[in-house]
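Student: I am attaching a structure below and will ask some questions about it afterwards.
The values are calculated or read from the model by the stated rules, or taken from the named source; none is laboratory data. Everything numeric in this text was worked out from a predicted model, so none of it was measured. Glycine also receives a Cβ, built like all others from the backbone with ideal geometry; neighbour counts cover every protein chain displayed.
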There are 2 protein chains.
Amino acid sequence: MSTEPGLRERKKAATRAMLCQAAMRLALERGVEHVTAEAIAAEANVSPRTFHNYFSSKEEAIVAAHFEGAHGLLESLRARPRDESVWTSLEVCAQELIDRLRGDASPDNLRRMFKELHTIKTHPALTAQHLNALHDLTRRLAEEVASRTGTDLDRDLYPRLLCAAVGAAFMAVTDMWVHGQTDRDLHDLLKEAFALLQAGLPIPSGMDTQPAAPSVPSAPSHSTGGSAVTPAYCEPDATARSVSPPPDIDSSRDATDQ
Amino acid sequence: MSTEPGLRERKKAATRAMLCQAAMRLALERGVEHVTAEAIAAEANVSPRTFHNYFSSKEEAIVAAHFEGAHGLLESLRARPRDESVWTSLEVCAQELIDRLRGDASPDNLRRMFKELHTIKTHPALTAQHLNALHDLTRRLAEEVASRTGTDLDRDLYPRLLCAAVGAAFMAVTDMWVHGQTDRDLHDLLKEAFALLQAGLPIPSGMDTQPAAPSVPSAPSHSTGGSAVTPAYCEPDATARSVSPPPDIDSSRDATDQ
DNA sequence: CGGAAAACATGCGGGTTCGGCAAAATTGCG
DNA sequence: CGCAATTTTGCCGAACCCGCATGTTTTCCG
């Protein structure tokens, strides 16, 4: 009884990868609306019926290509030290997710990732798939969080809420990166998001119009101490850590936010 | 130049409502997989082509029925006092959303809402549409939040992150309600979610395994002061405020969480 | 008020999407 | 190697969607 994947399983995984990569490639080349399941199958050298054995729609395939990087992320969380704060563990994993989505650090990969995210966030059908994938991922992460915090997934709100918030942060950060007006890098944005969440999302100072709610924390007391929040993730190539929008595709920055 | 909707506009809105309500009704009666666009159109007494003028898919129609309650929620936020904390405003609106999704307070409506949510969260295609609708809503809410907090939607992470987190809270709460093991009511769960978010989602006490991150707030110092967080929403029928899972549909509580 | 324009409903047709079914091909095991 | 299990593939049909053109209803204007 071998735990090594057999030829069958390896070929299945390879076919799946070929299909979703073909889907993404064609979508970026031709535009999502112009891609058909038939063309994807042909590009991957399988039959259309086989394509539908793997994916129920082309959108699913396209998003699957992008989200391949998320594969194994739950295992990464599981591998974190159990005595570590779940906040730290989750942040490390979220930052790792960004690196996985990008692949090797290079301007080309950065450009590709931007294009992929922009495409996904510009087409509602793709956005929906992406949100679904993220929702599924955070649901699974919540199980591990429950285990680590001694909470009950079905009775305590904490694990679900924490992971949902982390997923939301990921989404907000990538939305901002793609649609906003920022040249900050994704890691930096995500770090800020985690700091803000942990601080309880205080209303920006100077704009505190709350006359009667003393329960809202005043200023971010620890958002400046961010160095303690991203401790343990070792980026293989630390010099190329920066994940900012590529400078030569500013033309993508149209008013797609409408 | 009248601002009153003309007959045309009124008939359009009525047709749209008829269509999505028919979609939801049939989905609940027959199961989502057994509903066709043709049947929905027939149920609403229009042609299939007309159905597709309104919705590009049956899933969109089904979720639109559920999310009809969200219509006008942005206007509700805009109507909140501008000197109120956005936290308060958002919580009031989130609570209002629950009431809108439920409709008039009655055991039947409660049962229907549970069924609707359960259906949506059990079918991936519906979940995706639901997530998308929520994502769009929070995106629009973020504009108002930016306006109220003097932040810039495209340059500051805060408004997007706050609203994304609120959306995530809504999702986590409803997921918990439908799939978890709780008989707490939705309003109560949502209140807890807001308190937890504002407290920075502290790791439950006794489970604080964080050895080296002093930046994490210790105990929920204001999560018990929740009475200041839900101040101003006047529920029309306060005696039936409870939104807990209907007791006679425990059979829906199968292992759909897998 | 009547007629024209605009908006919406509808029918038709066609390309695409999906999945059931069965046969063919590939892989794993004794 | 033979056989069983698994995967691929071809075929088919129901359903999905949307472009296009025509008919109907509402709105606008003289």
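Student: Name the single residue, out of those in region B:29-40 being within 10 Å of DNA strand D (Cβ to nearest atom) and of a type in the set (Gly, Ala, Ser), that is nearest to the other protein chains (Cβ to nearest Cβ).
Tutor: B:Ala37
Student: Of the conditions (1) more than 14 Å from chain B (Cβ to nearest Cβ); (2) in contact (Cβ under 8 Å) with a residue 40 or more places away in the chain, A:Ala133 fails just one. Which one is it?
Tutor: (1)
Student: Is it true that A:Thr149 is at pLDDT below 95, within 30 Å of B:Asp185 (Cβ to Cβ) and not assigned by TED's automatic domain parsing to the domain that holds A:Val35?
Tutor: Yes: the conditions hold for A:Thr149.
Student: Can you tell me which residue in region B:124-168 is surrounded by the most Cβ atoms within 10 Å (Cβ to Cβ), limited to those that are touching an Asp or Glu at 6+ places or on another chain (Cβ under 8 Å) and of a type outside the set (A, V, I, L, M)?
Tutor: Of everything passing the filter in region B:124-168, B:Arg160 is surrounded by the most Cβ atoms within 10 Å (Cβ to Cβ).
Student: While we're looking at this one, here's another question. Could you tell me whether region B:105-114 includes any residue that is in contact (Cβ under 8 Å) with a residue 24 or more places away in the chain, more than 9 Å from chain A (Cβ to nearest Cβ) and polar (S, T, N, Q)?
Tutor: yes
Student: Is there any pair with a first residue in region B:160-184 that is within 18 Å of B:Leu73 (Cα to Cα) and a second that is polar (S, T, N, Q) whose Cβ atoms are under 7 Å apart and which are 6 or more apart or on different chains, and what are they?
Tutor: Sorted first by the residue in region B:160-184, then by its partner, the pairs are B:Cys163/B:Thr138; B:Ala164/B:Thr138; B:Val166/B:Thr138; B:Gly167/B:Thr138.
Student: Further, regarding this structure: Report, by residue number, each residue of region A:144-165 that is more than 7 Å from chain B (Cβ to nearest Cβ) and not small (Gly, Ala, Ser).
Tutor: A:Glu144, A:Val145, A:Arg148, A:Asp152, A:Leu153, A:Asp156, A:Pro159, A:Cys163
Student: Give me a count of the residues in region A:19-66 that are over 24 Å from the mean Cα position of the chain (by Cα), more than 9 Å from DNA strand C (Cβ to nearest atom) and of a type in the set (S, T, N, Q).
Tutor: 3
Student: Still on this structure, please answer the following. Scan region B:201-209 and give yes if some residue there is modelled with pLDDT of 50 or more, facing chain A (nearest Cβ under 7 Å), assigned to a loop (DSSP other than H, G, I, E, B) and under 22 Å from A:Phe170 (Cβ atoms), otherwise no.
Tutor: Yes, the conditions are met somewhere in region B:201-209.
Student: Considering A:Asp99, A:Asp104, which residue is more than 14 Å from DNA strand D (Cβ to nearest atom) and outside any helix (DSSP H, G or I)?
Tutor: Of the residues listed, the single one that is more than 14 Å from DNA strand D (Cβ to nearest atom) and outside any helix (DSSP H, G or I) is A:Asp104.
Student: When you go through B:Leu19, B:Leu90, B:Leu26 one by one, which is the residue that is in contact (Cβ under 8 Å) with a residue 24 or more places away in the chain, of a type in the set (A, V, I, L, M, F, W, C) and within 14 Å of DNA strand D (Cβ to nearest atom)?
Tutor: B:Leu19
Student: Does B:Arg80 fit the bill of being touching a helix residue (DSSP H, G or I) at 6+ places or on another chain (Cβ under 8 Å), more than 7 Å from chain A (Cβ to nearest Cβ) and closer than 22 Å to B:Ala13 by Cβ?
Tutor: Taking the combined requirement at face value, the residue does not satisfy it.
Student: Could you say which residue among B:Ile98, B:Ile120 is away from chain A (no Cβ under 14 Å) and of a type in the set (A, V, I, L, M, F, W, C)?
Tutor: B:Ile98
Student: Under the condition of being near DNA strand D (Cβ under 8 Å from one of its atoms) and charged (D, E, K, R), which residue from region B:1-16 is nearest to the other protein chains (Cβ to nearest Cβ)?
Tutor: B:Glu9
Student: Something else: Do we have A:Glu43 as touching a helix residue (DSSP H, G or I) at 6+ places or on another chain (Cβ under 7 Å), under 21 Å from A:Leu126 (Cα atoms) and within 11 Å of DNA strand D (Cβ to nearest atom) here?
Tutor: No.
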